[in-house]
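The values are calculated or read from the model by the stated rules, or taken from the named source; none is laboratory data. In this text the structure is predicted, and so the values were computed from the model without any measurement. Virtual Cβ from ideal backbone geometry, glycine too; neighbours counted across all protein chains shown. Quick note on the areas: whole protein, heavy atoms, side chains included, nothing else; ligands and nucleic acids left out. Shrake-Rupley method; radii C 1.70, N 1.55, O 1.52, S 1.80 Å.
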Amino acid sequence: MLRFRTGALLVALSGVLLALSPVQLPAQPPKKLVAPTATDPATMKVAKGFKVELLYTVPKNEMGSWVCITPDDKGRLIVSDQYGALYRVTPRGIGQKPEQTGVTKIPAQIGSAQGLLWAFDALYVVVNSPGKSGLYKVTSSQKNDTLDTVELLRAFDGGGGEHGPHAVLRHPDGKRLTVVCGNQTKLTKFDTTKVPPVWGEDHLLPRLPDGNGFMKGVLGPGGAIYNITPDGKNWELFSVGFRNQYDAAYNRADDLFTYDADMEWDFNTPWYRPTRVCLVSSGSEWGWRNGAGKWPVHYPDTLPPVVNVGPGSPTGVSFGYGAKFPQKYQDAFFICDWSYGKMYAAHLRPGGSAYTAELEEFVTGTPLPLTDVCINPHDGAMYFTIGGRKTQSGLYRVTYTGEVDTPKFPVPMTDAGVSAAARTTRLQLEAFHTKIGAPAVDAAWKELDSADRFVRFAARTALEHQDPKLWADKALAEKDPQKAILSLLALARVGGQCPEHVRPHKPDAELRASILKSLNAIDAKKLTTALQIDLARTYQVALNRLGPPAADERAALLTKLSATFPTKDRALDGMLLEILVYLQDDTVALKGVQLLADAPTQEEQIEYARSLRALKVGWTMDARNTYFAWFLKAAAYKGGSSFAKFLALIRTDAVATLSAEEKVVLRELLATDPASVKLPPEPARPFVKAYKLADLTDALDKGLKSGRDFDRGRKLFAAGKCFACHRFDGEGGSNAPDLTGVAGRFSARDLLESVVDPSKEVSDQYAAVEIRTTDDRVVTGRIVNLSEDFVMVNTDMLNPGGTTRIDRKLIESMKPSKLSMMPTGLLDTFKEDEVLDVMAYMLSRGDRTHAMFKK
């Protein structure tokens, strides 16, 4: 489930927390404990023109904590306690008194639901509870309002935790349902599949399991989404590879969207993936694998998100259709974040056959542990619940009271606002996501070189559904580089199956030799960086699935790949280093160690260190010493809960590659516990000038037009500690906004002003809260998690894994802090031309996700 935990421009630039630790206030008279209550709407920030009402404070001892909600056929609401019963709520009419909201327990012996839907004259319930997880149908034996009959349609294996089975929703065809399951739910038996059933882990080097052991040994494909018949007898597997998507919703164009979870323990590692909104296209694979095995977004065998949201705990989602809201909000995709107490309105825009989105904070509060949201078509209002993990729960209603006239109610579900031609092509290809034959091969082949990434993915998926005898020779002989790479990737996947899932597995040496020969014939120097990444990934999958290369194949690979490494692209270099280490290239150690030494961010360094841990050949003692000394430096790096243990696992694996002689020479370094070493701080950069905006405006206008050094800008971005909090182009911290694509939202002058004067406006999204307690403490930080009557506050943005635990009963007051979370003077140690390089780097977009839409 519920995976609980954890101004416009300042939303894009909030940095390091100033007030970091609890402070003692003067002694005060003893104060009474305050009983927890549902968050007061008066303390929330709401989009202009909207009103939030608290309809019902849930009595926790009697009704638990509510985590999902759905309207029934009469406009009432059905809700569920996370660990208890179902209830029917009759909301008071708009304008009526609070006590007129009625709540009654549903007599059916069922509960612990994380998915509810009224459809086909029945209540469908997804239960997530040990020994009871499954999809159920609840009806009335008396053919009236009394729901008392429970029918199990499908039991799930693996439910009961927070990553079990979740939502159920109507399919837009009006004949089926869609069911959503998190990554601790084992795949259930399916009758048909849009996903080619050849998924695998596809890692060349040994995987790093989660440092804390979470889901260790659990293989992909992770969370899944199914389409089923209302009687629960026919199941179609539609999409896989999610981490923990709690809910999903269809837009007017019948495209499916979900809000997938991050793994907060991965903060500040190269494999961390933020929470993200995904377009769930037919046959899609989203690349969740346990531990450090998550697929990066630039792999061609996965897909990019619509938008990265950042750290959080995704819960309920809903489109605004049927609400008496302005058109903009009727079309919005509303997503709930439990840990940070935010409901976003994602405003979708056409992006080829897919979408991009702009996020708007719609409702925010502290704390506001949002669990679910729905639109009630009977009164045109939005309803949402807070609760989960036995925290104080409440039911709220959102209505529009602004001056702009709402559209005619309800708005017809017509115009989808998507690029019609590109989307039509994608849908035509998705119709071939089953066994068709030669027509499917012909249609797919035409689109393997499409400029649209979702179209290319749909084409390769269609190919993988067809008998490879129809297209294998065509793939091996293809001369167009992009068509060759993607068709050979498909051939490696279907021809190699996957040793983790198909046993016994005998690698096909002849097929491997043929695929490698065809890949080697492609001139990488003539390819774009994106296509070189696709080529490297195809090598990885072919070697993983079809077995180690023969001696002559290995020699040919080393000749081709070693000569081009490194490339100066960090994603491509990380992939090539992995391949060369797998091949035990005796020339790559020195190159890899040099990359490690030169990398400006801890994420890039960890990526190289992770691969080098498996290299046994080509080391000099100087290189070995440099590599193991890096762990002393890395011990000072900060990250999520598993961060230090990941580093320990990398070091342990690397020690295992040492010879007896090397262990003797390195014995003193190996005997040193990295955590016990206190290295001297890096030399401070000399002060240059206390810049004001006027000092740099002219230079900014003239100096960004040409000749800027983006590589130096990235290094200076790291030197200024910006990466410690901010994420940019897939690397950096997670406790401040992702700056990728900031150029598309703000001018260079606005961006510069927010750096020079960060306190001019403090963003609510990343501002701290000031909590005063009855035992005379003041704690300043961000609430990142809740559990029963406790809140966990991160008081050090540079250490995302560190929190302070506060009993809610002791909280006397809680309000936004007036202190900016971003310090001043960040540019004061830079020369003017260095400032311009940093600005040019931030304005370069640097968005690999965006770039991967292109060839």
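As a summary of the residue check, residue 349 satisfies the conditions (1) in contact with a His (Cβ under 9 Å, 6 or more places away or on another chain); (2) part of a strand (DSSP E or B); (3) among the charged types (D, E, K, R) except for the one numbered (1). Of all residues in region 208-238, those satisfying the criterion of being under 20 Å from the mean Cα position of the chain (by Cα) and more than 21 Å from residue 161 (Cα to Cα) are 208, 238.
Only one entry of 491, 527 meets the criterion of being touching a Pro at 6+ places or on another chain (Cβ under 9 Å), surrounded by fewer than 20 Cβ atoms within 10 Å (Cβ to Cβ), hydrophobic (A, V, I, L, M, F, W, C) and at pLDDT 95 or above, and that entry is 527. Run residue 650 past the list (1) open to solvent by less than 60 Å² (accessible area, probe 1.4 Å); (2) more than 23 Å from residue 617 (Cα to Cα); (3) under 33 Å from the mean Cα position of the chain (by Cα) and report the number of the one that doesn't hold. So the condition that residue 650 fails would be (2). Scanning region 686-706 for residues that are open to solvent by 80 Å² or more (accessible area, probe 1.4 Å) and either modelled with pLDDT of 85 or more or of a type outside the set (S, T, N, Q) (or both) yields a count of 9.
Scanning region 301-312 for residues that are buried (at least 22 other Cβ atoms within 10 Å of the Cβ) and closer than 17 Å to residue 535 by Cβ gives a single hit, 301.
Within region 653-685, the residues that satisfy the criterion of being β-branched (Val, Ile, Thr) and either open to solvent by less than 90 Å² (accessible area, probe 1.4 Å) or part of a loop (DSSP other than H, G, I, E, B) (or both) are 655, 657, 664, 672, 677. Annotation note: of 391, 399, the sole residue that is at pLDDT 95 or above and either hydroxyl-bearing (Ser, Thr, Tyr) or surrounded by fewer than 22 Cβ atoms within 10 Å (Cβ to Cβ) (or both) is 399. Scanning region 299-329 for residues that are closer than 22 Å to residue 397 by Cα and among the hydrophobic types (A, V, I, L, M, F, W, C) returns 317, 319, 323, 325. Every listed requirement among (1) outside any strand (DSSP E or B); (2) open to solvent by 20 Å² or more (accessible area, probe 1.4 Å) is met by residue 360 save one, (1).
Here is a yes/no grid of residues against (1) in contact with a Phe, Trp or Tyr (Cβ under 8 Å, 6 or more places away or on another chain); (2) among the β-branched types (Val, Ile, Thr); (3) within 29 Å of residue 379 (Cα to Cα); (4) surrounded by fewer than 22 Cβ atoms within 10 Å (Cβ to Cβ):
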residue: 256; (1), (2), (3), (4): yes, no, yes, no
residue: 270; (1), (2), (3), (4): no, no, no, no
residue: 287; (1), (2), (3), (4): yes, no, no, no
residue: 292; (1), (2), (3), (4): yes, no, no, no
residue: 335; (1), (2), (3), (4): yes, yes, yes, no
residue: 352; (1), (2), (3), (4): yes, no, no, yes
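Given the structure, is residue 522 crowded, with 20+ Cβ neighbours inside 10 Å, β-branched (Val, Ile, Thr) and not in a loop (DSSP other than H, G, I, E, B)? No: the conditions fail for residue 522.
Scanning region 180-203 for residues that are within 19 Å of residue 490 (Cβ to Cβ), buried (at least 21 other Cβ atoms within 10 Å of the Cβ) and either among the hydrophobic types (A, V, I, L, M, F, W, C) or in contact with a Phe, Trp or Tyr (Cβ under 7 Å, 6 or more places away or on another chain) (or both) yields 194, 195, 199.
Just for region 130-181: of the residues that are of a type in the set (Val, Ile, Thr) and more than 16 Å from residue 256 (Cα to Cα), which one is modelled with the lowest pLDDT?
146
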